[in-house]
Amino acid sequence: MTSISSQQLHDISTQIENLTIEEGLQFIAKEFKSGITFSTSFSFEDQAITHAIVSQQLPITIFTLDTGRLFAETYSVWNNTNEKYHTHIQAYYPQHIALEKFIHEKGPNSFYESVNNRKECCYIRKVEPLQRALAGKSIWITGLRSEHSLNRHSLNMIEWDDTNKIIKYNPLLHWSTNQVKSYIQQNHIPYNSLHDKGFISIGCAPCTRAIKEGEDFRAGRWWWEDNSKKECGLHSH
């Protein structure tokens, strides 16, 4: 979509900042009417948002990025979610030609060898499929929370994503981990069992580990890289 003014973003933010997650999603659905989509990785946060969308039967599409390297537990919660809510979450996959070329030239685990290789793998498996998923959409709903990492503290609930030319809505931005967990429990929402084993941010299996007490939320992602601002490229700040 075309760019939106900072004043328009501010006006929307003012109207939704004190709303519940259900009310906020209702407002967005009413305000924009179409072209609203939500990306889920089946995390705690994303499961909460999925519940709020489908339980209200809002006109918001839901999709996921299947990289081909996800945990078995992630596929289980995906399946359980479809069964509980009678929904069909759409999957976007890497372009096979680009992926086959990358694997042939650099090997299946080359992301461990350099940051550039890892970023190229992320681009093929996640960023390019995301671009296809967001094409023609007006609002992108995410499960980002400011607690996740230092470079997410400056985010706003409503913001303009210039990379993807889309409005981004982060309804759980100011929620605490305990708030998310309580919402999951109160509403009997299926969740990824890896969360019970110390996994906080769950991505591809080779690139994710459980975190230790006192470690940063993102410490379990690409742990072999020495960088406090590790991202895969889906969310540019």
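The values are calculated or read from the model by the stated rules, or taken from the named source; none is laboratory data. Keep in mind the model is a prediction, meaning the values are calculated, not measured. Virtual Cβ from ideal backbone geometry, glycine too; neighbours counted across all protein chains shown.
Here are some notes:
- Which listed residue, of HIS195, HIS188, is of a type outside the set (Asp, Glu), loosely packed, with under 15 Cβ neighbours inside 10 Å and closer than 28 Å to HIS51 by Cβ: HIS188
- Qualifying residues in region 191-211 (those that are part of a loop (DSSP other than H, G, I, E, B) and either of a type in the set (S, T, N, Q) or closer than 20 Å to TYR112 by Cβ (or both)) - the one modelled with the highest pLDDT: ASN192
One line per residue, one yes/no per condition, for (1) under 26 Å from ASN192 (Cβ atoms); (2) assigned to a helix (DSSP H, G or I):
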{"position": "ASP11", "(1), (2)": "no, yes"}
{"position": "GLN15", "(1), (2)": "no, yes"}
{"position": "GLU22", "(1), (2)": "yes, yes"}
{"position": "GLU31", "(1), (2)": "no, yes"}
{"position": "SER34", "(1), (2)": "no, no"}
{"position": "THR37", "(1), (2)": "yes, no"}
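- Failed criterion for THR163 (all others in (1) modelled with pLDDT under 95; (2) over 24 Å from GLN95 (Cα atoms); (3) not in a strand (DSSP E or B) hold): (2)
- Checked against (1) surrounded by fewer than 21 Cβ atoms within 10 Å (Cβ to Cβ); (2) of a type in the set (A, V, I, L, M); (3) under 14 Å from the mean Cα position of the chain (by Cα); (4) modelled with pLDDT under 95, LEU150 meets all criteria but (3).
- Pairs, first free of Cβ contacts under 8 Å to residues at least 40 places away in the same chain and over 17 Å from ASN82 (Cα atoms) in region 30-48, second assigned to a helix (DSSP H, G or I) and aromatic (Phe, Trp, Tyr), C-beta under 8 Å, six or more apart: none
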